[in-house]
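Structure record follows, encoded as structure tokens.
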Amino acid sequence: MRLLCICVLLLALSCSTPKEKAPNNDNTTEQKRKEKPPVSTVDNYKNQLIAVLSNPNKVETAKAIITNTGLKWKKMILDDTTSKIVAIEIPDGNVDEWLKRLSNNEEFRVIKINSAETQEELINKEKNNLISLRKTKCFGDCPTYTLFIDKDGNVSYEGKEYVLEKGTKEFKLTEEELSNINTLLTKKDFSSFKDVYDNPKIMDLPSTFVIYNGKQIQIRLWNDDVPEELMELNEYIEGILLEKKFFE
């Protein structure tokens, strides 16, 4: 009887002893999550250039130039149908030298040292662009330049070869000039024009690239096949530049 009482007493004591609380895995996981250092979302622009492609339809050509020279095509920053902006990494760190070399390459309309501010500036400029006009070189003395007109009438001109004014020049159109250009642009649906007006059999002709409203047109041969509306637009813009004596 005494033995039975002792067993009952021991069983009661074991039941009343508090059990060790199991660790809370959820709290442990949460603690580890809090201890984990935050991941930086800031881009590292060191040893990078930013480029605007001259011809948005020739991405692979521009990419080949970059990769074949040992540089790295990092990423597309703006990838619209009529505008391509790319970040270029310079593995050897010689940013200034590559800036100079790529600035002389016709595949790139703009080359600058990359930064958050520069990215924002170029993207805003591209998105606010009304019309751009680019004249390529020929074997002779054809004026070579690029022209950008934004929706507020601000004009950015860059003279390259066989022009009286080389380098970047900026000015603002008069209200009448901007109105006339808008009228010419909307005279006919731009999307109805061909992408290219050319005769491949004829050599040594400069090209005129016109970009408006998401469409790029290349005109290499100004003949009767070119719509009158495009001729009028080209002549009107050239007339403004001639008045400013940017070229003859």
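The values are calculated or read from the model by the stated rules, or taken from the named source; none is laboratory data. For clarity, every value in this text was computed on a predicted model and none was experimentally measured. In this analysis, Cβ positions are derived from the backbone assuming ideal geometry, glycine residues included, and neighbour counts consider all displayed protein chains. What goes into the accessible areas is simple: the full protein's heavy atoms, side chains included, and nothing from ligands, DNA or RNA. Shrake-Rupley method; radii C 1.70, N 1.55, O 1.52, S 1.80 Å.
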**Prompt:** Sequence-distant or interchain residues sharing an amide H contact under 5 Å with D80, placed H: which?
**Reply:** I85
**Prompt:** Can you give the relative contact order of the stretch 194-248 as a percent, counting alpha carbon pairs under 8 Å and 6+ residues apart?
**Reply:** 30 percent
**Asked** Which Rg and Dmax, in Å, describe the Cα atoms of the stretch 110-248?
**Response** 15.4, 47
**Request:** Read phi for every residue in the stretch 115-126 and hand back ³J(HN,Hα) as whole Hz from Karplus 6.51 cos²θ - 1.76 cosθ + 1.60, θ = phi - 60°, with x for Gly and Pro.
**Result:** 6, 4, 5, 5, 4, 4, 4, 5, 5, 4, 5, 5
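Which entries in the list K160/K194; K112/K166; K194/K244; K84/K245; K46/K72; K75/K112 go over 25 Å, if you measure between the two C-alpha atoms of each?
Numbers: K160/K194 27 Å; K112/K166 18 Å; K194/K244 31 Å; K84/K245 31 Å; K46/K72 13 Å; K75/K112 15 Å.
Distance filter (> 25 Å) returns K160/K194; K194/K244; K84/K245.
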**Fill in**
With a Förster distance of 22 angstrom and the Cβ-Cβ distance between N223 and T82, calculated FRET efficiency to the nearest 0.05 equals 0.30
**Request:** Output ³J(HN,Hα) for the stretch 212-219: one whole-Hz value per residue in order, computed from phi by the Karplus curve 6.51 cos²θ - 1.76 cosθ + 1.60 with θ = phi - 60°, and x for Gly and Pro.
**Result:** 8, 6, x, 10, 10, 10, 10, 10
**Prompt:** Distance in nm between label sites at D204 and N128, each 7 Å beyond Cα in the beta-carbon direction?
**Reply:** 4.3 nm
**Request:** Apply the Karplus parameterisation 6.51 cos²θ - 1.76 cosθ + 1.60, with θ equal to phi minus 60°, to every residue of the stretch 169-175 and state each ³J(HN,Hα) to the nearest whole Hz, in sequence, with x for glycine and proline.
**Result:** 10, 10, 7, 10, 5, 6, 4
**Request:** Tell me the Kirkwood hydrodynamic radius of the stretch 168-248 in angstroms, computed as one over the mean inverse distance between distinct C-alpha pairs.
**Result:** 14.1 Å
**Asked** Roughly how many Å² of K74 are accessible to a 1.4 Å probe, to the nearest 10?
**Response** 90 Å²
**Complete:** Low-density loop trypsin sites (Lys or Arg not before Pro), the stretch 189-229, at most 14 other Cβ within 10 Å, DSSP non-H/G/I/E/B, are K194, K201
